[in-house]
Every structure is written in structure tokens, then in C-alpha cells.
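**Student:** I have a structure here, written as C-alpha cells, and I will follow up with some questions on it.
The values are calculated or read from the model by the stated rules, or taken from the named source; none is laboratory data. Predicted, not measured: the structure shown is a model, and the values here were computed from it. Every residue, glycine among them, receives a Cβ derived from its backbone with ideal geometry; neighbour counts consider all protein chains shown. Keep in mind that these areas ignore ligands, DNA and RNA; they rest on the heavy atoms of the full protein, side chains included. Shrake-Rupley method; radii C 1.70, N 1.55, O 1.52, S 1.80 Å.
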Amino acid sequence: MRNARIAPMRALTFLASRFVAGDAIDDAISSVRALNQDGIKATLDNLGEDSLTREQALAAAEENLVMLRRIAEVGVDSNISLKLTQIGLAIDPALARENLIRIAQEAARLKNFVRIDMEGSAWTQKTLDLFYSLHDQYPNLGIVLQAYLRRTEADCRDAVARKVRVRLCKGAYKEPADIAFPSKEDVNANYDKCAAILARAPIPAFATHDDARIAAALKACDAAGLVKSDYEIQMLYGLRAKRWGELRAKGHTVRIYVPYGTHWLPYFTRRIRERKENWMFVVRNLWS
Ligand code: FDA
């Protein structure tokens with residue numbers, strides 16, 4: 001019985017390894033080193049969300065401190081990304097705030113940067129509130145905005161006015177139509193509109209594997225008078241690796257989101273759900 005359960009888990013773990021750089025920080029650091037050798041930057045993410053206890057939230061915060069120190073020790077070119085529910089937002093906003101302050105302070109000491117990922121819409125306002133309450137004091141914090149949300153155009157204008165660093169993505173969570181555009185066309189159109197707004201914010205980061213979205217963002221950056229070092233194009237580990245090199249060869253700053261850790265299932269599920277090719281990859285491999 002036990003073996004019957006272990007075999008599918010092993011298969012899933014193997015499949016997840018396409019999207020996840022390993023279980024431990026040093027696995028991820030090896031991947032970052034390989035990216036850096038090709039002139040590509042990284043953002044390291046210790047997988048996890050929705051910590052249920054203070055102990056889990058504190059342990060997650062501790063791991064983020066370890067990540068920052070390890071990046072500095074080994075001298076790789078990487079910042080970090082984290083989720084606020086991982087460091088306690090769902091348990092106690094004060095705990096998440098304390099944890100985030102510790103992480104931002106350590107990042108500042110090590111001259112590094114912390115990107116706060118954006119989670120499902122239940123967390124959007126709470127995430128922005130905590131972020132903005134600390135941003136003036138810790139300008140080495142940045143945020144993510146999701147083009148599928150109807151509110152995001154206004155959030156982008158606000159971000160430009162407050163001079164914050166934004167990563168723009170399409171959005172990965174299931175959301176109701178009253179708050180998120182249900183059609184891909186509308187999401188794409190909003191992505192391009194928001195990219196044009198964010199071209200006026202500091203170091204905008206365009207996170208997408210969609211060539212048409214990248215082209216629109218580059219056009220907007222050009223129109224805003226930005227040069228290639230003024231913005232970033234970001235993609236996910238395991239997706240379109242050939243494209244990273246092509247963009248880098250054209251002189252763009254490319255940053256890859258490198259997740260690691262044992263809590264990979266929700267992240268893996270989002271990757272499988274969002275694209276037929278990723279789903280086919282799993283089916284093909286499970287079959288063989
Ligand atoms: P989408 O999946 O709609 O694909 C559009 C087109 O891109 C395809 O039709 C195809 O042409 C091309 N394409 C995509 N994948 C390809 C592949 N594997 N091979 C070839 N072509 C491909 N989400 C969130 O909610 N909060 C967050 O904080 C983040 N953070 C984040 C960081 C980074 C660096 C990235 C890249 C993404 C995120 N996301 C995220 C995830 C994001 O919201 C979104 O779910 C995925 O990036 C998928 O959307 P795309 O923009 O890639 O286009």
C-alpha cells in the first residue's frame with residue numbers, strides 16, 4: 001500500500017523538476033550560477049504559501065534571510081521573491097509585517113532587492129497595503145501587479161506616481177469575472193495598456209512568455225525613452241529557455257524566476273493549468 005502511494009509521488013516529483021530547481025537552496029544556487037554564466041539574472045523563490053502557524057511563518061522568513069545571505073556569500077546575481085501569506089499574512093498581519101521588515105533590512109544591508117509576489121484576489125489589497133506601508137522606508141521592496149484584474153490599470157498609475165518597482169504579469173489564480181477579465185484577449189489588451197503605463201515607473205519588469213506582450217512592452221519602453229538597462233524581461237524557470245538566450249543576445253536584461261523547495265505542488269498545479277503544452281508534458285511523461 002505504501003509503495004503504491006510512493007510511486008505516483010515520485011513521478012510527480014520528477015515532473016515538477018522541470019519547473020522547480022530542487023529541494024534545497026544550494027540546488028537553486030547551482031541553477032542561478034548556470035543562468036549567470038549566460039548573462040541572465042535570477043530571482044530566487046522558496047516555494048510556499050498560506051503558512052498556517054506562526055512557527056511555519058517564522059521558518060519561512062528565516063529561509064528568506066538564509067537565501068539573501070547565501071546569494072551574497074556565493075556572489076551570484078539574484079534577488080529574491082516571496083509571498084506574504086508564506087510569512088504570516090493569513091495568520092496575523094503584524095507578524096507578516098515584522099517578518100517583511102526583517103527581510104527588507106537584511107536585503108538592504110546586503111544591497112539586494114525583495115519582490116513581493118501577488119497572490120489570489122483575496123490578498124491584493126492587503127498585500128498592497130503592507131507593501132506601501134513599508135516602501136518609503138525600504139525602497140528595496142517591489143511589488144507584482146496582475147493584468148487580468150480590472151483594478152490593475154489604476155494600481156499601475158498609482159505605482160508610477162509613488163515611484164515603485166513593479167513586475168507586471170498576466171495573473172495565475174482563478175478569479176471571478178466581476179474582478180478579472182475572463183477573456184484572454186482582454187487580459188492581453190490590459191497587459192499592453194499597463195505595460196505602457198509602467199514604462200514610466202522605475203525598472204519595470206515585464207514577466208511573460210508571450211512574444212506579442214514582450215513586443216508591446218518593448219515598444220512602450222522605447223516610446224518612453226528607456227534604454228535596455230532600464231527595464232527587465234522576466235520568465236519562469238523551465239519555460240522557453242531558448243528564448244531567454246535570444247533576448248539576452250539582443251542586449252535585454254533577462255531575469256528568471258527560480259523556485260525551489262519541497263512545497264511545490266500549488267506552484268506546479270498553476271503551471272500545468274495555465275498552458276496546454278505544460279499539461280501535455282505531464283501526460284506524455286506519465287504515459288512513458
Ligand atoms: P500565456 O500563458 O497566456 O501564454 C501566452 C503565449 O506565450 C502563448 O500563446 C505562447 O505563444 C507563449 N508561451 C507561453 N508559454 C510558452 C512556452 N512554454 N513555450 C512556448 N511559448 C510559450 N502570477 C501571479 O499571479 N503572481 C505573481 O507574482 C507571478 N509572478 C511571476 C513571475 C514571473 C517571472 C513570471 C514569468 C510569471 C509570474 N506569474 C505570476 C505567472 C503569470 O501570471 C502567468 O500565469 C504566467 O506567466 C503565464 O502567462 P504568460 O504571460 O506567460 O502567457
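**Student:** Sort the following peptides by mean Cβ neighbour count (other Cβ atoms within 10 Å, averaged over residues), highest first: 50-62, 206-218.
**Tutor:** The peptides rank, most packed first, as 206-218, 50-62.
**Student:** A further question on this structure: Quantify, in whole percent, the carbon and sulfur part of the accessible surface of the range 155-288 (1.4 Å probe; protein heavy atoms only).
**Tutor:** Answer for the range 155-288: carbon and sulfur cover 57 percent of the accessible area.
**Student:** What Kirkwood hydrodynamic radius do you get for the range 1-130 when you take the inverse of the mean 1/r over all pairs of distinct Cα atoms, in Å?
**Tutor:** 15.9
**Student:** Let me ask another. Can you give me the P(r) profile for the range 212-275? Cα pairs, bins 10 angstrom wide beginning at 0, each as a whole percent.
**Tutor:** In whole percents, the pair-distance histogram is 18, 43, 26, 12, 0.
**Student:** Taking the chain as a Gaussian network, where each spring joins two C-alpha atoms under 10 Å apart, which residue of Gln234, Gln125, Gln105 fluctuates the most?
**Tutor:** Gln125
**Student:** Could you work out the per residue convex hull volume over the alpha carbons of the chain, in cubic angstrom?
**Tutor:** That works out to 140 Å³ per residue.
**Student:** How much accessible area per residue does the chain have, in Å², with a 1.4 Å probe?
**Tutor:** 47
**Student:** Which residue, Leu110, Leu82, Leu47, has the most motion in a Gaussian network model of the chain that connects Cα atoms within less than 10 Å?
**Tutor:** Of Leu110, Leu82, Leu47, the Gaussian network model singles out Leu110 as fluctuating most.
**Student:** I'd like the distance separating the alpha-carbon centroids of the range 189-209 and the range 214-234, in whole Å.
**Tutor:** 8
**Student:** Under a 10 Å cutoff between Cα atoms, tell me which one of Glu49, Glu185, Glu63 has the largest fluctuation in the Gaussian network model of the chain.
**Tutor:** Glu185
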